[in-house]
Amino acid sequence: MDDKKIGLLQRAVVNFMICHDLLTPQIDKQLRPLGLNLTQMSLLNHFSHAPQQRHTISQLVKVMGINQPGITKAVNALEKLACLQKQNDKDDARIKWLQITPYGLEKLNEARQTTGPLVFSAFGSVADQDLQSFCDGLEQMKVFLDRNRGEGRAYS
């Protein structure tokens with residue numbers, strides 16, 4: 001990798017992290033009146049892609065990249081809000097299956113509507129062509145990272 005690309009990558013990572021750090025607390029603040037935080041909204045978003053599908057805590061830890069105590073805390077809060085329902089496995093009492101409820105889908109929609117204007121204004125500040133390139137690049141990176149899940153190791 002040449003020095004120019006390394007510099008560009010470093011700039012991209014720093015700017016990405018700064019944008020994340022600036023946007024995250026604003027989104028969390030908007031979610032508070034709904035009784036949600038960004039982690040909980042992310043979990044609901046994950047479940048919403050296939051509402052009929054059930055997941056275990058272990059599966060969510062792997063997919064979401066959040067540690068087990070963090071997932072458990074978020075799941076318990078969402079279950080208390082009736083956004084997720086927990087079912088015991090019929091063969092193994094240690095396994096609990098989680099599924100989004102219709103109310104959880106409604107709550108996610110409400111969260112999206114609440115945070116939408118903020119997110120749209122932030123991303124709307126980017127020119128259309130640049131936004132398309134950004135989305136395309138994020139999609140490629142998402143696929144790459146999903147295929148190469150690791151423990152912070154360098155990818156080859």
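Since every read-out is calculated from the coordinates, none of them should be taken as a lab result. Keep in mind the model is a prediction, meaning the values are calculated, not measured. Cβ atoms come from the backbone with ideal geometry, glycine included; neighbour counts cover every protein chain shown.
Some values worked out for this structure:
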item: Above-threshold pairs, the threshold being 23 Å between Cα atoms, out of Lys29/Lys86; Lys96/Lys142; Lys62/Lys96; Lys4/Lys62; Lys73/Lys142; result: Lys29/Lys86; Lys96/Lys142; Lys4/Lys62; Lys73/Lys142
item: Mean separation of Cα contacts under 8 Å (6+ apart) over length of segment 3-147, as relative contact order %; result: 21
item: Entry for Rg/Rh (Cα atoms, Kirkwood Rh) (calculated from the structure that is shown) out of (1) 0.98; (2) 0.94; (3) 1.01; result: (3)
item: In order through segment 110-116: 3J(HN,Hα) via Karplus (6.51 cos²θ - 1.76 cosθ + 1.60), integer Hz, x for Gly, Pro; result: 4, 5, 5, 5, 5, 8, x
item: Contour excess over end-to-end distance, with Cα ends at Asn88 and Asn15 and 0.36 nm allotted per residue; result: 21.9 nm
item: Nearest-20 debye value, the chain charge dipole, Cβ charges on Lys, Arg, Asp, Glu; result: 500
